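For reference, the structure is listed below as structure tokens.
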Amino acid sequence: MITVVGNLKGGTGKSTITFNLAIWLAHQGVHVIALDLDPQATLTDVAEIRAEEALQPLLHVQQNRSLLHTLAGNSEVLVDVGTADIDAMCLALGCADQVLIPVAPSQADIWSTQRFVRIIREIDESIGRQPRLMAFINRADTNPAISETAEAEAALDLLPGIERLDTRLSQRTDFRRSLSEGMAVFEMEPGCKAAVEFAQLAHRVFPATPGLPPAMRQG
Ligand SMILES: Nc1ncnc2c1ncn2[C@@H]1O[C@H](COP(=O)(O)OP(=O)(O)OP(=O)(O)O)[C@@H](O)[C@H]1O
Ligand SMILES: [Mg+2]
């Protein structure tokens, strides 16, 4: 299955989420192929740090877009796309079985998500297929008094054909710290709030997988 993580807006967490999902699946023995189609190459960089730190399982990141047409079989393919290479982004969207759209809780992010969904629809119509489209809020404020997250979720609910995942990732330093060390958030601190939120997200995106081994779930 090919899962593309994308959105038009920068900094919504595409690379962070692609990386964490890839490691989450790899810990369950799934054969993962990570494809970095963003010239910024964040996914490639984090995988290099991981290799330097000799962290297992290793993540092999490919940058060759033509692999999209040859990859298949029992692998889970995770693709990180950005707007710096629109052609690669559209190519990946045209091959996707599912598209995961991280959205930051702001009006500007909602607008760009609407545009992104329109682009996906145009691609779908031109090639006659329909991937699963999922959106969720990343970088939610941890202060429950801030209403932007709920408002952004309500706006996502209004987008037709989109499955708004009933889980969010909050703005937590653990995501930044773990990424800079080449680690998934649940590896750096199993059981931390960020890890618990991430596991909920991963289960929604890959419902058929059993989840992490018990040692990786506890604090
Ligand atoms: N939930 C979160 N909490 C805290 N920091 C986060 C969270 N999600 C992402 N970040 C951090 O925000 C920054 C941007 O994330 P990331 O690079 O994954 O976004 P992106 O969408 O891939 O950006 P770009 O559009 O530039 O490719 C990174 O430093 C990342 O660690
Ligand atoms: Mg990125």
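The values are calculated or read from the model by the stated rules, or taken from the named source; none is laboratory data. Predicted model only: the values in this text are computed from it and were never measured. Here the Cβ positions follow ideal geometry from the backbone for every residue, glycine too, while neighbour counts run over all protein chains shown. Please note that ligands, DNA and RNA were not included when accessible areas were found on the heavy atoms of the full protein model with its side chains. Shrake-Rupley method; radii C 1.70, N 1.55, O 1.52, S 1.80 Å.
Table for the structure above
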{"quantity": "First in the stretch 3-25 and without any contact (Cβ under 8 Å) to a residue 60 or more places away in the chain and closer than 23 Å to Glu189 by Cβ, second anywhere and more than 10 Å from ligand 2 (Cβ to nearest atom) and of a type outside the set (Ser, Thr, Tyr), Cβ under 8 Å, 6 or more apart", "calculated": "Ala22/Val32; Ala22/Ala34; Ala22/Leu59; Ala22/Leu78"}
{"quantity": "Condition met for Ala208 (loosely packed, with under 15 Cβ neighbours inside 10 Å, within 18 Å of the chain's Cα centre (by Cα) and either within 26 Å of Asn74 (Cα to Cα) or within 16 Å of ligand 2 (Cβ to nearest atom) (or both))", "calculated": "yes"}
{"quantity": "Residue that is farthest from Pro105 (Cα to Cα) [pool: residues in the stretch 163-187 that are in a helix (DSSP H, G or I) and either away from ligand 1 (no atom under 12 Å from the Cβ) or among the basic types (Lys, Arg) (or both)]", "calculated": "Glu187"}
{"quantity": "Test: residue in the stretch 32-43 that is at negative phi and away from ligand 2 (no atom under 16 Å from the Cβ)", "calculated": "yes"}
{"quantity": "Met1, sole failed condition from (1) open to solvent by 70 Å² or more (accessible area, probe 1.4 Å); (2) aliphatic (A, V, I, L, M); (3) near ligand 2 (Cβ under 10 Å from one of its atoms)", "calculated": "(3)"}
{"quantity": "Residues of the stretch 81-99 satisfying the condition of being open to solvent by 50 Å² or more (accessible area, probe 1.4 Å), within 16 Å of ligand 2 (Cβ to nearest atom) and free of Cβ contacts under 8 Å to residues at least 60 places away in the same chain", "calculated": "Ala84, Ile86"}
{"quantity": "The one condition in (1) closer than 28 Å to Val185 by Cα; (2) within 20 Å of the chain's Cα centre (by Cα); (3) open to solvent by 60 Å² or more (accessible area, probe 1.4 Å) that Glu148 fails to fulfil", "calculated": "(2)"}
{"quantity": "Complete set of residues in the stretch 176-204 that are of a type outside the set (Ser, Thr, Tyr), within 16 Å of ligand 2 (Cβ to nearest atom) and open to solvent by 20 Å² or more (accessible area, probe 1.4 Å)", "calculated": "Arg176, Leu179"}
{"quantity": "Long-range neighbours under 6 Å by Cβ, at least six apart or interchain, first residue part of a loop (DSSP other than H, G, I, E, B) within the stretch 191-218, second within 14 Å of ligand 1 (Cβ to nearest atom)", "calculated": "Cys192/Asp174"}
{"quantity": "Verdict on Ala96 being in contact with a Pro (Cβ under 7 Å, 6 or more places away or on another chain) and within 19 Å of Ser15 (Cα to Cα)", "calculated": "yes"}
{"quantity": "Enumeration of residues in the stretch 107-136 that are out of contact with any strand residue (DSSP E or B) (no Cβ under 7 Å at 6 or more places or on another chain) and over 19 Å from Glu151 (Cα atoms)", "calculated": "Arg118, Ile119, Arg121, Glu122, Ile123, Asp124, Glu125, Ser126, Ile127, Gly128, Arg129, Gln130"}
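Conditions tested, residue by residue: (1) touching a residue at least 40 places away in the same chain (Cβ under 8 Å); (2) open to solvent by less than 50 Å² (accessible area, probe 1.4 Å); (3) at positive phi.
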site	(1), (2), (3)
Val79	yes, yes, no
Ile101	yes, yes, no
Ser112	yes, yes, no
Glu122	no, no, no
Arg129	no, no, no
Ala140	no, yes, no
